[in-house]
Structure formats: structure tokens, C-alpha cells
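Q: Structure incoming, see below.
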Amino acid sequence: MPKVSAGILPFRFVSGRLEAMLVHPGGPIWAKRDEGAWSIPKGLVDEGEDLLAAALREFEEETGLEPDGDLIQLDPVRYSGKILYAWALAADLDLAGFKSNTFSMEWPPGSGLIAEFPEADRACWFGIEMAKRKILKGQLPLLDQLQKLASQGR
């Protein structure tokens, strides 16, 4: 059975141009990766947890921001053995308040040392075409859905 994740894809319009907010994964494994490495703020759904509640929880944990605005459910996507449920959030979030929670891992590998890293080390607004280059390939259909909704005036 595939793992289930849920997340929020914030978007806004600046001078009529669609922008999406993505986060860059923290930790040393992702430190030098950029294009194809960014993600929507998301995480695993706990057993029995409501999907939207999980998406909102994960958004707050990974960004420190409050997801205040209209939500539009997107079609789920499958990638990396997971199903990702996502909602687009119409909100012009100020990223100055960005602060992610942390995780621990052994680093460097085999050292026996445990280090703490942010789940997301930065957040950024991208024009939709740049966002399509930055986002993980498996999440690209979410941006396509967002762009289609935006062109329909939703």
C-alpha cells in the first residue's frame, strides 16, 4: 500500500502573473541541489488523520506560516511510491516569517554523530514557468493543474 502525503500549494498573482510558493528541502543531501529539488510544503498523513487537516498541519510545521485563504482541492498525484493530496491556497504570504521545524539524522554518515537540520531550509515565490523547473518532477502535475485553474479564472 502506498504512503499518503498531503500538502498545500500557495499561489498568488503579481502584476497579473501567476506565482507559486515552493520550499527547498533542508539537510546536507539536498544542499547543492536546486532545479528539480523544490517541493510544495507537505508531509505524511498519520493513520486516521483527515487529509486536509494533515496538509494544514504540515504546511505550518514546514513554513511557520498560517495558511489563511481560499483552498482549492487538486487531483492527487502519484510519485516515488506515494500518493500526494494537495490543495492550492490563494494567499499572498509574507515569507519573512518563514521558519521550518527540524529533523535529526546521522551526519556525516557512519560518524555516529547526530545533527539537526530544518525540514525546509527556504521558501520562495516563483513565476509558474520557473516553478516548473524547480519542483520535483513527480509534483509537476500539481503546477499544471494550478495553471489550468488560473487560466479558467478560479
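Q: Going by what's in this entry, would residue 78 be described as closer than 16 Å to residue 7 by Cα and basic (Lys, Arg)?
A: For residue 78, the condition - closer than 16 Å to residue 7 by Cα and basic (Lys, Arg) - is met.
Q: I'm checking my understanding of the structure. Among residues of segment 13-35 that are touching a Phe, Trp or Tyr at 6+ places or on another chain (Cβ under 7 Å) and assigned to a strand (DSSP E or B), which one is farthest from residue 73 (Cα to Cα)?
A: 24
Q: Quick test of your reading of the structure: residue 134 fulfils all but one of (1) under 14 Å from residue 8 (Cβ atoms); (2) touching a Cys at 6+ places or on another chain (Cβ under 9 Å). Name the failing condition by number.
A: Against the list (1) under 14 Å from residue 8 (Cβ atoms); (2) touching a Cys at 6+ places or on another chain (Cβ under 9 Å), residue 134 comes up short only on (1).
Q: A further question follows. May I ask you to say which residue of 60, 47 is at negative phi, not in a loop (DSSP other than H, G, I, E, B) and not polar (S, T, N, Q)?
A: Going through 60, 47 in turn, just one is at negative phi, not in a loop (DSSP other than H, G, I, E, B) and not polar (S, T, N, Q): 60.
Q: How many residues are in a loop (DSSP other than H, G, I, E, B), among the polar types (S, T, N, Q) and exposed (fewer than 13 other Cβ atoms within 10 Å of the Cβ) when one looks only at segment 86-111?
A: Residues flagged as in a loop (DSSP other than H, G, I, E, B), among the polar types (S, T, N, Q) and exposed (fewer than 13 other Cβ atoms within 10 Å of the Cβ) within segment 86-111 amount to 1.
Q: So which of 46, 34, 75, 68 is free of Cβ contacts under 8 Å to residues at least 24 places away in the same chain and touching a helix residue (DSSP H, G or I) at 6+ places or on another chain (Cβ under 8 Å)?
A: Going through 46, 34, 75, 68 in turn, the sole match is 46.
Q: Let me ask you something else. Would you check which residues across segment 5-31 are open to solvent by 10 Å² or more (accessible area, probe 1.4 Å), in contact with a helix residue (DSSP H, G or I) (Cβ under 8 Å, 6 or more places away or on another chain) and aliphatic (A, V, I, L, M) and list them?
A: 18
Q: Tell me which residues, restricted to segment 112-154, are charged (D, E, K, R) and either in contact with a Ser or Thr (Cβ under 7 Å, 6 or more places away or on another chain) or part of a strand (DSSP E or B) (or both).
A: 116, 119, 121, 122
The values are calculated or read from the model by the stated rules, or taken from the named source; none is laboratory data. Predicted model only: the values in this text are computed from it and were never measured. Note that each Cβ is placed from the backbone with ideal geometry, even for glycine, and that neighbours are counted across all protein chains shown. Ligands, DNA and RNA are stripped out before the accessible areas are found, and what is left, the full protein with its side chains, is counted by its heavy atoms. Shrake-Rupley method; radii C 1.70, N 1.55, O 1.52, S 1.80 Å.
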